[in-house]
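J.: Take this structure first; my questions come after.
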Amino acid sequence: MTVVGLPDAAVRESCDRVEAAVRNSGFEFPVEKITINLAPADIRKEGPAFDLPIALGIILATGQAAIDDVLDEVALVGELSLDGLLRPVSGVLPMSLGTRDDGRRAIIVPPANGNEAAVVDDFEVYTTETLYDCVRLLESGLLDEPVQVTSEELNLEAPPYEADFADVKAQENVKRALEIAAAGGHNCLMIGPPGAGKTMLARRLPSILPPMTLDEALEVTKLYSVKGLVPAGTALIRTRPFRHPHHTVSTAGLIGGGSMPQPGEVSLAHHGVLFLDELPEFPRSALEVLRQPLEDGDVTIARAQTSLTFPAGFQLVAAMNPCPCGFYTDPVRECTCSPAEIQRYRKQISGPLLDRIDIHIEVPRLTPDEVMQREPGEPSASVRQRVVVARERQHERFAGTPFHHNAEMNTKALREFCPLADEVEGLLRTAIEQFALSARAHDRIVKLARTIADLDGSEDIGVAHIAEAVQYRSLDRKLWG
């Protein structure tokens, strides 16, 4: 048995799986040369999803089943085990969407992929346990009931989050900064000594973000489906992603890559949060490739065989110590780093990357009284309500434009949606001169001020809004000079 049409190793290995599955399902396997042609021949075929259609093709070609009437309306996807059982495969959701858009009415998938495929509207999804059951289903003309997804599995209004802001003691200024970041989709950098709570705060940011829309949930689920990360039996990924790669991650792992490009961490964080802890410990080459997705919201990966663009509309939340030992700004413990070590440590983060991070916030050490505090803080649900109201203001403002929240505005949109009074412009001019801010930093201050005004319910950007926004841009000048 020969497979042609640019198959990868997994597809070529299907020959042995298919033969064993056909025999063990009660069908005869022909003792003659078989050629499987996967057309078109110029597109590389990957993965074990071709097992089921290859086996069915052999059964039909040898006259052991008569199901030609429905074949033009149905697609089949699935990996076969040696005993004929169907095993789950990756990428079922985008396959189902493509099948529907191609004009077919149904798809047959392994049981573990049923709910994922059934999310597609105006489309029938059937599951079968074995190759034998699949043949009998097709011979019956698809008389079984298609898979239905329950309303609970599609409920995006109350996704479960274990982490809650009520667990965080004190740090009210940092909570305020993260609330602003959530309301406007802004990137954030937290700087503070070890144990101040940076990671704890970052993990709770998704709990105050607005619920995902159905379109956003479909986009996220498609990306996770391609990577094979959708849990078995799950219809939709309902919570916003929180990706936390280790600082040893490669550039390809962070941005995506491979001979046949696959989405990386920036794409898996689409519509969610990408958290980079110990930011200066990441390879500088990996950090610099973040600049394009931070600006454009997508990433293009070019290879000799193909070039693919993956969505990467994430919020970057980063955390770092002020120096290698972590205690440069700590009022209790003395820093043991030399000036050269501190400078070398901070140079890992370039100025252009810092300019793309809207909020820079210092996370101080907790006092003994704050550590012993017993009363819970404000819960995430309360903060989330304010964030949702601010986002609704932005949706109304940006109706008919390609923007969804304030952080996405370009220079033209800033002039249209963020007019500044003379006294506000005067304060902003003073800040630019004092902190030697770049033009990009100016734009990001205005975006931040627009978000702060939205949280306050104000249509106009006031002096107080600009003043608070400037505070979130001064920390990099304090530490980087």
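J.: Largest first, what is the accessible-area ranking of Lys175, Lys169 with a 1.4 Å probe? The partial results should precede the final answer.
T.: Values: Lys175 25, Lys169 75 Å².
My answer, sorted largest first, is Lys169, Lys175.
J.: While we're on this one: To the nearest 10 square angstrom, what accessible area does Lys227 show with a 1.4 Å probe?
T.: Solvent-accessible area, nearest 10 Å²: 80 Å².
J.: While we're here: Report Tyr161's accessible area, 1.4 Å probe, all protein chains in place, as a number in Å² to the nearest 10.
T.: My reading of the accessible area for Tyr161 is about 70 Å².
J.: Below 8 Å, C-alpha to C-alpha, sequence gap of six or more: please give me the relative contact order for segment 397-469 in percent. Walk me through the intermediate numbers first.
T.: Numbers: 59 pairs, mean separation 27.0, N = 73.
Reported relative contact order: 37 percent.
J.: If you take the charge dipole of the chain about its Cα centre, with +1 on Lys and Arg Cβ and -1 on Asp and Glu Cβ, which of Gly326, Asn155, Leu60 is farthest toward its positive end?
T.: Value: Gly326.
J.: Put Glu28, Glu468, Glu73 in order of accessible area, largest first, 1.4 Å probe: what do you get? Show your work: numbers first, answer last.
T.: Details: Glu28 140, Glu468 35, Glu73 70 Å².
Order by accessible area, largest first: Glu28, Glu73, Glu468.
J.: Could you rank the peptides 122-131, 141-150, 381-390 by their average count of other C-beta atoms within 10 Å per residue, with the highest value first?
T.: 122-131, 381-390, 141-150
J.: Using just the alpha carbons, could you tell me how many Å³ per residue the convex hull of segment 307-402 encloses?
T.: About 194 Å³ per residue, rounded to a whole number.
J.: May I pose another question? Run the numbers for Thr213 and Asp296: contour at 0.36 nm per residue of separation, minus the present Cα-Cα distance, in nm.
T.: Working: separation 83, 0.36 × 83 = 29.88 nm, distance 2.09 nm.
Stretched out fully, the Thr213 to Asp296 stretch lengthens by 27.8 nm.
J.: Also, quick follow-up: Please name which of Ala381, Cys418, Ala453 has its Cα lying farthest along the dipole of segment 371-481 towards the positive end, using unit charges on Cβ (Lys, Arg +1; Asp, Glu -1) and the Cα centre as origin.
T.: Farthest towards the positive pole: Ala381.
J.: Another question about this same structure. Taking the Cα centre of the chain as origin and charging only Cβ (+1 Lys, Arg; -1 Asp, Glu), how large is the dipole, in debye to the nearest 20? Before the final figure, lay out the partial values.
T.: Working: 47 positive and 70 negative charges, 386 e Å.
Roughly 1860 debye, rounded to the nearest 20.
J.: Continuing with this model, one more query. Under the definition of Cα pairs under 8 Å and six or more residues apart, what whole-number percent is the relative contact order of segment 144-229?
T.: Normalised by residue count, the contact order of segment 144-229 is 39 percent.
J.: Quickly estimate the mean residue ellipticity at 222 nm for the chain, helices only: each DSSP H run with n ≥ 4 gives -39500 (n - 2.57), and the total goes over all residues, rounded to 500. Walk me through the intermediate numbers first.
T.: Working: 23 runs with 195 residues, N = 481.
Counting only the DSSP helices, I get -11000 deg cm²/dmol.
J.: Report, to two decimal places, the Cα Rg of segment 88-193 normalised by 2.2 N^0.38 Å (N = number of residues).
T.: Values: Rg = 22.0 Å, N = 106, 2.2 N^0.38 = 12.9 Å.
So segment 88-193 has a normalised radius of gyration of 1.70.
J.: Also, I was wondering about something else. To the nearest 10 square angstrom, what accessible area does Met1 show with a 1.4 Å probe?
T.: Estimated to the nearest 10 Å², Met1 gives 70 Å².
J.: Could you state the number of Å between the C-alpha centres of segment 177-247 and segment 431-454?
T.: That distance is 25 Å.
J.: Which whole-number percent is the relative contact order of segment 95-195 (Cα, under 8 Å, 6+ apart)? Could you put the intermediate results ahead of the total?
T.: Working: 65 pairs, mean separation 17.5, N = 101.
That works out to 17 percent.
J.: Here is a further query. Taking the Cα centre as origin and putting +1 on Lys and Arg beta-carbons and -1 on Asp and Glu beta-carbons, what dipole magnitude results for segment 146-263, to the nearest 20 debye? The partial results should precede the final answer.
T.: Details: 11 positive and 11 negative charges, 97 e Å.
Computed about the Cα centre, the dipole is about 460 debye.
J.: Please give the per residue volume of the convex hull enclosing the alpha carbon atoms of segment 39-139, rounded to a whole number of Å³. Provide the component values of the computation, followed by the final result.
T.: Numbers: hull volume 10.6 nm³, N = 101.
In segment 39-139, the Cα convex hull volume per residue is 105 Å³.
J.: From the protein chains alone at 1.4 Å, what is the descending order of accessible area for Asp296, Asp8, largest first?
T.: Ranked from most to least accessible, the order is Asp296, Asp8.
J.: Can you give me the long-range amide H partners of Gly256? Hydrogens built in the peptide plane at 1.01 Å from N, cutoff under 5 Å, separation of 5 or more residues or another chain.
T.: Gly264, Glu265
J.: Could you tell me, in Å, what Rg and Dmax come out for the Cα atoms of segment 149-308?
T.: Values for segment 149-308 (Cα only, Rg and Dmax): 16.7, 53 Å.
J.: Translational D (Stokes-Einstein, µm²/s) of segment 213-371 at 20 °C and 1.002 mPa s when Rh comes from the Kirkwood sum over C-alpha pairs? Present the calculation step by step, with values, prior to reporting the outcome.
T.: Values: Rh = 17.5 Å.
In µm²/s, the coefficient is 122.
The values are calculated or read from the model by the stated rules, or taken from the named source; none is laboratory data. Predicted model only: the values in this text are computed from it and were never measured. Methodologically, a virtual Cβ is constructed for each residue, glycine included, from the backbone with ideal geometry; neighbour enumeration extends over all protein chains shown. Only protein heavy atoms, including side chains, enter the accessible area calculation; ligands, DNA and RNA are left aside. Shrake-Rupley method; radii C 1.70, N 1.55, O 1.52, S 1.80 Å.
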